[in-house]
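For reference, the structure discussed in these notes is given below.
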Amino acid sequence: MAQNRAGMIIALLADLHGNLEALEACLRHAADRGVGRHAFLGDLVGYGADPGPVTDIVAAFASSGAIVVKGNHDAAIEQGARELNELARESIEWTRQALTVQQRQFLASLPLSIRDGSICFVHASAAAPEAWEYIGDNHAARTSIEAAGTSYVFSGHVHDQMLYFLTTVGKIAPFRPISGSAVPVPSHRRWLAIAGSVGQPRDGNRAAAYAVFDDVAEQITFYRVPYDHLAAARKIREAGLPEDLAQRLERAL
Amino acid sequence: MSSVLLPLRSGSEVDGFRIAERIHAGGMGNIYRVTKPGFELPMIMKVPRVGPNEPTEGIISFETEAMIVPALRGPHVPKFIAAGDLARTPYLVTEWVEGQTLDQRLAGRSIPVDDVIRVGAAIADALHDLHQQDVVHLDVKPSNVIMKGDGSAVLIDYGFSHHARYPDLLAEEKRFGAGSAPYVSPEQLLGTRNDPRSDIFSLGVVLYEMATGTMPFGELDSDVRNRLWLDPVPPALHTPAVRPWLQEIILRCLEPSAVTRYQSAAHVAFDLRNPEQVRLTARAAKSQRAGLLRHVRRFLDARRELGHRLRFPKGQVSNSPIIMVAVDTSHPDDERQPALQRTTEQILSLSREFRLICVSVIDAAPLMDNASVAESASGIHLEHLIRLRHWVEPLRMPQQRLSLHVIQAPKPANALIDFARQNNVDLMVLGVPGADQPDRSSWQSVASAVSANAPCSVHVVRYPTRAT
């Protein structure tokens, strides 16, 4: 996997959550921006009405060399959803029966993290990926950066886009990126980027979130991509999934 | 940082750039003239001091500059050429801007008031351009201003700057001093780094220095906190040639609280170029600094503000734009006028930070016999000014946000475009005649020429044509 990364522009796609409309919109958007490689940062399924088609798309990318790591919802398909909240549990039960054996095997086969050159890809914290800790503050970000030991950590789990960096005095500073504005991330510093959620944004902005990393220019650009969220919400209702999950896409809260 | 970069020898080469003479050696690093085949522009290379015994301040400052300079555009910044890999060979190559630094120009003395105005307006233009690119300079001082031959200003040295769309590498490095002691704004001292009005304060210090040859808050690092409360000596006391309107501008820039300063550098430039439009307040007439009691109050006010840092409201630059409305005062009773008034009123109702400039372009005065030309020209001018005032009265704009101009020019479109460019106008509003007004059709072509060539947004108001 991934021997030659030189000169590749990588799309970072996290927390897809079975949202086919959002995923397709992000993939089209990324293709228009010359993306040559994809990294799927976990939680391919759960909440959304299209876990099967989304898993198939990701599996197809994986067979041609894409990075894919496991998220807690993906893990819950095999291991059970005891640690998840009720809403997530209900959707996991539904998702499990909606997936084929092959799709479930693909999810079960995913690694928790992948180190590739100067980058660590992981769904939650690089310090203990299987503990599914949220990178919600400076301390958690620092722990993950230090455990990864790479210049870059790209993750998801938290649904809001964020960029953390280590200062020269060893402090950590957060930066809330602005959509579409390329941010220089020189590799001599240490960076942790949270790509945002493709399939279930929760910051009041319904548009799907993802990011693009250019390893030659050493730049990361966070994007928000509008998609047909009404269609995605309608499918959730038609599937008989909890109403809250449909409303979440409509309100992005 | 793995390598230590020693001073470069003249004639040596870094990534194809041939090193010529060293033109600056400072605490932060060295600056060399450089050449490279295929590059016509005169260039300089900045190389930071890196090494185990060097302060990290220099390298973060350098890193900040290397991050921001490539993103800058336009005539008021040095053109970015190349940057070296920071971990191996840190350097930054930019255009060498021909001209004289304001520092050299001043040489520790004051300059004539006319020059203060011209240079001050040029710096304000440059700052406005920078602020519109989401960058706050944060180290505005004469040695960072290069005056070009054409009278425009270029701002150099972005080592302390802040870019609103980039992570701020200096934000967490609080132990580093902010800016340069004599020029730094009060809120910068308190750690605020994202407020363009900090640059307006520093511009005020530069204006004061140019006009009087002295510094309003002293020159020592130890004086630095005094600007939180100290009332500077009114500049006219040092230099009687400083007219009340200029004193008004300078002291308004130097207000300790950012909300009472000018909110946009474009407004400073505008006032410097239009003295008759400056609304005078108590600042203009001040002939002594505040007494003891007033100083104590200022001190207490400052203390209160220390508690909660001034936070800069997002998007301030674009929220305090200059709106220019072109009024055809030759046809004051035209149907277009109420429509134009209504639209202008709607635009102004969006924000209380707008500044409105009303402009009327009239034909150059008709030639009569020589003796009466001047008199009749000024008479016509005044008549149109009165009509303009009458036009704007229903909008009830406060004086300090309003100005009126009658321009005598043969080509209205060119005059409007030039005026908009000179005054950093953000939006021009103008009316076009309806199809039932064939005698006004010349305005049709004015509107097309303006929309095609204006340096700003253009809003064309049309009075709906009635079906007959």
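Quick notes
- Tally, over region A:93-105, of residues that are touching a residue at least 24 places away in the same chain (Cβ under 8 Å) and loosely packed, with under 13 Cβ neighbours inside 10 Å: 1
- Residue in region A:187-200 that is surrounded by fewer than 18 Cβ atoms within 10 Å (Cβ to Cβ) and more than 10 Å from chain B (Cβ to nearest Cβ) present: no
- Wholly within region A:16-92, helices (runs of 4 or more DSSP H) carrying at least 2 residues that are free of Cβ contacts under 8 Å to residues at least 60 places away in the same chain and buried (at least 19 other Cβ atoms within 10 Å of the Cβ): A:51-63, A:72-79
- Checklist (1) of a type outside the set (A, V, I, L, M); (2) within 27 Å of A:LEU230 (Cα to Cα); (3) over 19 Å from the mean Cα position of the chain (by Cα) applied to A:HIS157, failing item: (3)
- Which numbered condition A:ALA108 misses (of (1) small (Gly, Ala, Ser); (2) touching a residue at least 40 places away in the same chain (Cβ under 8 Å); (3) within 28 Å of A:ALA193 (Cα to Cα)): (2)
- The one condition from (1) modelled with pLDDT of 95 or more; (2) more than 18 Å from the chain's Cα centre (by Cα) that B:ASN144 does not meet is (2).
- Hits in region B:93-127 - residues which are in a loop (DSSP other than H, G, I, E, B) and more than 19 Å from B:THR214 (Cα to Cα): B:TRP96, B:VAL97, B:GLU98, B:GLY99
One line per residue, one yes/no per condition, for (1) closer than 28 Å to A:ILE178 by Cβ; (2) within 14 Å of chain A (Cβ to nearest Cβ):
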residue	(1), (2)
B:ASP115	no, no
B:ALA122	no, no
B:VAL145	no, no
B:LYS148	no, no
B:ASP157	yes, no
B:VAL184	yes, no
B:LEU189	yes, no
B:ASN194	yes, yes
B:GLU209	no, no
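- Reported count of residues in region A:3-15, each being crowded, with 19+ Cβ neighbours inside 10 Å and part of a strand (DSSP E or B), is 5.
- Listing of strands (runs of 3 or more DSSP E) fully contained in region A:121-197 that carry 1 or more residues being modelled with pLDDT of 95 or more and under 27 Å from B:ARG88 (Cα atoms): A:152-155, A:162-166, A:191-194
- Residues that are among the aliphatic types (A, V, I, L, M) and either without any contact (Cβ under 8 Å) to a residue 40 or more places away in the chain or under 20 Å from B:MET28 (Cα atoms) (or both), drawn from region B:123-145: B:LEU138, B:VAL140, B:VAL145
- Within region B:222-254, the only residue that satisfies the criterion of being in contact (Cβ under 8 Å) with a residue 40 or more places away in the chain and among the aromatic types (Phe, Trp, Tyr) is B:TRP229.
- Criterion applied to B:ALA25, B:ALA82 was being surrounded by fewer than 17 Cβ atoms within 10 Å (Cβ to Cβ) and more than 25 Å from the chain's Cα centre (by Cα), and the one residue passing it is B:ALA25.
- Search result, residues across region A:215-233 that are under 29 Å from A:GLU146 (Cβ atoms) and either surrounded by fewer than 18 Cβ atoms within 10 Å (Cβ to Cβ) or modelled with pLDDT of 95 or more (or both): A:VAL216, A:ALA217, A:GLN219, A:ILE220, A:THR221, A:PHE222, A:TYR223
The values are calculated or read from the model by the stated rules, or taken from the named source; none is laboratory data. Because the structure is a prediction, the values reported are computed rather than measured. Here the Cβ is made from the backbone with ideal geometry for all residues, glycine too, and neighbour counts use every protein chain on show.
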